[in-house]
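A short reminder: the numbers here are calculations on the coordinates, not readings from a lab. For clarity, every value in this text was computed on a predicted model and none was experimentally measured. Cβ atoms come from the backbone with ideal geometry, glycine included; neighbour counts cover every protein chain shown.
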Amino acid sequence: MTHPIFPIVSKRTLYQQISSEGYHSPDIILLLQSMEILLPNSSEPFIDPQAQYRKAKRCLHLVEDQGIISMRVLQATLLLSLYEAGHGIFPAAFLSIGHCARIGHAIGIHDRRGVSQMFPSTMSWTATEEIRRTRWGVLILDRFINIGLPDRPFASVDACPEDLLPMDETLWDLGEQTVVPSLAVSSSTDLPAPPFARTCQAAHLLSRVLSHIGTNQSKKSPGQYFSEALQLHGILSSFKLALDQEVKSEEPNAFLVYSPAQGLCFSAIIALCDNYTCADLDDLSGVGTPEQLKMQETALNTLHEIGASVWQFASHLSNLLESQRSEIIISPFAAQCLYAASTQYQWYIEETGKVELKAAVDSLKHALWLIGNSWKNS
């Protein structure tokens, strides 16, 4: 069930490995255990989620003690990190994604052309696509975990303009080769993109936002700093509109598969705007300039608008979970923005006394409760 929201493992290749090999190698067993803990909440009382998680962590330690390093080990560690992030297991999640980045560096997936590779170049384009997706998975989760720590360095390097986005998931699952546009080309919101590619784009924009707000303002002129913020706001606004159009498509699962990208986009917008709502926190040399005033006004207006959008987003998530119950899980990438929006609403209610907005907070909390209930309690 993690495949629709975090498709980094080739189902075809994994099935072939499981069915063709006379035995299951340790890294395959580790991957299967990491996938198992991400299954939707089970009604079976004898299954202990905490025990399953600890079992997967012990298996990872045993595999590493044997000196085994492979793409399967990286994928398994990445899924464990996703589990920890989704359940709020910190600092383990923060440390685990850093571990993923180091495994990726050791293998060489961070730069397939510029550095020596641990393993020979694959002849299969399906395997090449799987490597690309795994590398993007590390970057996405790394940026997501850093939302609450914008002044900390990333564990993985940013994507380059020439880096390729993942291809369409449906065609990849079928083994069909297709044209893969580069990030620079795909940044145009006029071009449609598959769900995971959109999640990658959203993470890339979130990375730019976190880098921006984590930058010391004194290193840039006030005009340059606030102009950069306005530019990021414009890009994110256009990206949000593109996602809105894709979610409205007639595909039955469109909302679910695009929800991680939507959630990351909302989180990026809230993080950017929250950084500019109070002039007292800005560098004094820039306070009162036209750029600063424009960005502050834009930020305040956007937070009101985005709050309503996230409220609607939460309502859709709640309806989806209440109708399908334990059959699906919602990506943590879609959930973080609900918490961020609820804190914005709560602050606004306390400042203005507009208690009628309590309904928004209750709706957001209810959606978070449903999401948490859809995962195994840890």
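Using a Gaussian network model of the chain whose springs link C-alpha atoms within less than 10 Å, name the residue from Pro290, Pro332, Pro153 with the highest mean-square fluctuation.
Per the Cα network of the chain with a 10 Å cutoff, Pro290 tops the list.
Using the number of other C-beta atoms within 10 angstrom as an exposure proxy, rank Phe196, Phe154, Phe313 with the fewest first.
Least to most surrounded, the residues fall as Phe154, Phe313, Phe196.
At q = 0.17 Å⁻¹, what log₁₀ I(q)/I(0) does the stretch 187-378 have when each alpha carbon counts as one equal point scatterer in the Debye sum?
Those come out to -1.13, one per q.
So, R0 is 41 Å and r is the distance between the beta-carbons of Leu230 and Ser116; what FRET efficiency does that work out to, to 0.05?
After rounding to 0.05, the efficiency reads 0.45.
With the cut-off at 1.5 for a/c, could you classify the stretch 1-158 from its C-alpha gyration tensor as rounded, prolate or oblate?
Oblate shape, in that a/c is at least 1.5 and b/c is the bigger or equal ratio.
Per DSSP helix of 4 or more residues, -39500 (n - 2.57); summed, then divided by the residues of the chain. What does that give at 222 nm, rounded to the nearest 500?
My calculation for the chain gives -21500 deg cm²/dmol from helical runs alone.
Convert 37 °C to kelvin, take the viscosity as 0.692 mPa s, use the Kirkwood radius over C-alpha pairs of the chain as Rh, and evaluate the Stokes-Einstein diffusion coefficient in µm²/s, rounded to a whole number.
Rounded to a whole number, D works out at 151 µm²/s.
I need the calculated FRET efficiency for the pair His304 and Leu95, taking r as the beta carbon distance and R₀ as 35 Å, to the nearest 0.05.
Approximately 0.40, to the nearest 0.05.
Grab the Cα-Cα distance for His61 and Gln324, subtract it from 0.36 nm times how many residues apart they are, and report the gain in nm with one decimal.
91.1 nm
Of the options Leu31, Leu293, His87, report the single residue whose Cα projects farthest towards the positive end of the charge dipole of the chain (beta-carbon charges: Lys, Arg +1; Asp, Glu -1).
Leu31
So what's the Cα pair-distance distribution over the stretch 52-115, bin width 10 Å, in %?
In order of increasing distance, the bins hold 21, 52, 23, 4 percent.
Taking θ as phi - 60°, what are the ³J(HN,Hα) couplings along the stretch 59-68 by the Karplus curve (6.51, -1.76, 1.60), each to the nearest whole Hz, with x for Gly and Pro?
4, 4, 5, 5, 4, 5, 4, 7, x, 8
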